[in-house]
Amino acid sequence: MSPKAAMENFFFGFSVAALAAVLAAALVAALQNESALQGVQISLDFKGGVDGPSAGAVMCLGILSALDGREFPDDFAMTGTILPDGTIGLVGGVLGKLKAAAKDPKIKRVAIPAFQRFAREDSGGWVDLFALGKELGLELRPVESIGDAYNFLHRENVACPVIPTALSVV
């Protein structure tokens, strides 16, 4: 099998990119929780398939919530990649994801990557996601880090540890 074909294969319903996002989510959750995750079994269950890294941040939130013994609220949705330092990365398709979240009667709160306020429509025009969120009856929150997202998820304002980076500027 060629490397390209291997990259396009799915493993238990996940693409290779989604599997990488699961690993990144577990890594960041372990660093954020200051846990080695030794003896911890992680099991993620999704409706439908996951084919990219856009669910990385919400997977990390699920792992962190489980480690803390907390339920994951039914009224919450999120899109965003998870980066190794715990920041939330930009994603595509936010406009469609926001509209899909609004169709679920349970979803009332949605976190999206900070600095991603506008999205391009198929017609080429731009949509203000916050105005659309308000119009759809959703509380939309831009989040920069997994700590910001965790606080929004659990409606708290607790200080979250900053994940040290391997690089330092002298």
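Every read-out reported here was derived from the displayed coordinates using simple, explicitly stated rules and does not represent laboratory data. Remember, it's a predicted structure, so these values are computed and weren't measured experimentally. Positions of Cβ are backbone-derived with ideal geometry, glycine not excepted, and every protein chain shown enters the neighbour counts.
How about Lys97: which aspartates and glutamates have a C-alpha closer than 13 Å to its C-alpha, ignoring those fewer than 8 places off in the same chain?
Lys97 reaches Glu121.
Which peptide among 54-61, 88-95, 26-33, 134-141 comes first, and what is the full order, when sorted by highest mean count of other Cβ atoms within 10 Å?
Sorting 54-61, 88-95, 26-33, 134-141 by mean packing, highest first, produces 54-61, 26-33, 88-95, 134-141.
Give, to the nearest whole percent, the P(r) tail of the stretch 95-150 beyond 16 angstrom, counting all Cα pairs.
Value for the stretch 95-150 (Cα pairs over 16 Å): 41 percent.
Report Rg/Rh for the stretch 52-98, rounded to two decimals, where Rg is the Cα radius of gyration and Rh the Kirkwood radius.
0.99
For the stretch 35-131, take N as its residue count and report Rg(C-alpha) divided by 2.2 N^0.38 Å.
1.19
Name the residues whose placed amide hydrogens come within less than 5 Å of the amide hydrogen of Ser145, ignoring near sequence neighbours (fewer than 5 apart) on the same chain.
Ile88
Which of the peptides 34-42, 107-115 is most tightly packed, and how do the rest follow, judged by the mean count of other Cβ atoms within 10 Å per residue?
In descending order of packing, they fall as 107-115, 34-42.
Note down the nm distance, to one decimal, between modelled labels 7 Å out along Cα→Cβ at Asp68 and at Lys108.
1.9 nm
By how many nm would the segment from Asp128 to Gln41 lengthen if fully extended, with 0.36 nm per residue of separation less the alpha-carbon distance?
27.3 nm
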